[in-house]
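Here's the structure we're looking at; comments come further down.
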Amino acid sequence: MKNRKQKSCLEEYTNKKADYFSKIEGFDDSELMAVNDKIKKHLYQTLNLIDSMKVDSGATDTLSAFFTQLKELLIGKKPIQALVFYFNRDGGELFLSAYGALKPDSFMDKELSLSNRLDNEVVGEIGPIKIFNYNEIKEDALYYDEIDDCDLEYENDYINELIILKAYAIFEEILLKLDLKNLLSDIQIISPFYSYIQEHDGGESNLLTIFEK
């Protein structure tokens, strides 16, 4: 289970979406109310579009197969203390890696630190799991044109963050439906055991689970 202070991916997404919703409500980038209303409508539609994101129908089976493959790859290897699901924001895909004993002095709440990853990978990337309509939503949600001479490209950073957080929330839901302790029961692990979702080089990240064996 998680530290009570740690927000879930769903909470992170819901809070960020609420912040953006409030921002849209107060949007005023034109002297004309009609233009502002048109922009607000577009941004509300963008939020609804992001909410329509989903995973492939076989994602749960694919994730279970990840752990079966992980067990096989860990035969004869040292114990592990962390799993990282690496997210590729360009393709909406997740890959799994496993890591050995962690250094407490370089522990980070929301991601596995670089010092705990360097020279500590026990099993390389397994995958991918694909967010089913991620690319289509990203293509439609990121906006590079103007609406009545108002440039919306500056909104894209915030929208892109929402897209990634939504993908994380969907994956978290799938992972938490699995009996992770049981899936790892035949694997040598070090307690406490952590799982994270993050990007390779910075970007969005979050702690998924912590548990004692």
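The values are calculated or read from the model by the stated rules, or taken from the named source; none is laboratory data. As the structure is a computational prediction, the values presented were derived from the model and not from experiment. A quick note on method: Cβ atoms are made from the backbone with ideal geometry, for glycine too, and the neighbour counts reach across all protein chains shown. SASA here: full protein model, heavy atoms, side chains in, ligands and nucleic acids out. Shrake-Rupley method; radii C 1.70, N 1.55, O 1.52, S 1.80 Å.
What tally of residues in region 68-86 results from selecting those that are in a helix (DSSP H, G or I) and either over 21 Å from the mean Cα position of the chain (by Cα) or under 18 Å from Pro192 (Cα atoms) (or both)?
Matching residues across region 68-86 total 5.
Taking region 111-135 as the region of interest, how many residues are within 17 Å of Phe85 (Cβ to Cβ), in a loop (DSSP other than H, G, I, E, B) and modelled with pLDDT of 90 or more?
Qualifying residue count, region 111-135: 4.
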Fill in: Qualifying residues in region 8-42 (those that are touching a strand residue (DSSP E or B) at 6+ places or on another chain (Cβ under 7 Å) and not in a helix (DSSP H, G or I)) - the one least open to solvent (accessible area, probe 1.4 Å)
Ser30
Practice prompt. Filter region 46-63 down to residues that are open to solvent by 20 Å² or more (accessible area, probe 1.4 Å) and either among the hydroxyl-bearing types (Ser, Thr, Tyr) or assigned to a helix (DSSP H, G or I) (or both), then give me how many there are.
Written response: 8
Worksheet item: What do you reckon, is Ile39 touching a Cys at 6+ places or on another chain (Cβ under 7 Å), farther than 19 Å from Phe132 by Cβ and either at pLDDT below 95 or not charged (D, E, K, R) (or both)?
Response: yes
Fill in: From Leu94, Leu47, residue being among the aliphatic types (A, V, I, L, M), in contact with a Pro (Cβ under 7 Å, 6 or more places away or on another chain) and touching a residue at least 12 places away in the same chain (Cβ under 8 Å)
Leu94
Practice prompt. Tell me which residues, restricted to region 166-196, are of a type in the set (S, T, N, Q), outside any helix (DSSP H, G or I) and open to solvent by 30 Å² or more (accessible area, probe 1.4 Å).
Written response: Ser185, Gln188, Ser191
Item to complete: State which residue is modelled with the highest pLDDT when the search covers only region 1-32 and only residues that are among the charged types (D, E, K, R) and over 18 Å from the mean Cα position of the chain (by Cα).
Response: Asp19
Worksheet, complete the sentence: Residue count, region 80-94, condition under 16 Å from Gly202 (Cα atoms) and open to solvent by 20 Å² or more (accessible area, probe 1.4 Å), comes to 3
Worksheet, complete the sentence: Subset of region 136-150, residues out of contact with any Lys or Arg (no Cβ under 8 Å at 6 or more places or on another chain), surrounded by fewer than 16 Cβ atoms within 10 Å (Cβ to Cβ) and in a loop (DSSP other than H, G, I, E, B), comes to Tyr144, Asp145, Asp149
Discussion item. Quick check on Glu153: is it without any contact (Cβ under 8 Å) to a residue 40 or more places away in the chain and open to solvent by 20 Å² or more (accessible area, probe 1.4 Å)?
Written reply: yes
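Let's see how each residue does on (1) touching an Asp or Glu at 6+ places or on another chain (Cβ under 9 Å); (2) touching a residue at least 24 places away in the same chain (Cβ under 8 Å); (3) open to solvent by 40 Å² or more (accessible area, probe 1.4 Å); (4) not acidic (Asp, Glu):
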| residue | (1), (2), (3), (4) |
| --- | --- |
| Phe107 | no, no, yes, yes |
| Glu121 | no, yes, yes, no |
| Glu125 | no, yes, yes, no |
| Ile129 | yes, yes, no, yes |
| Asn160 | no, yes, no, yes |
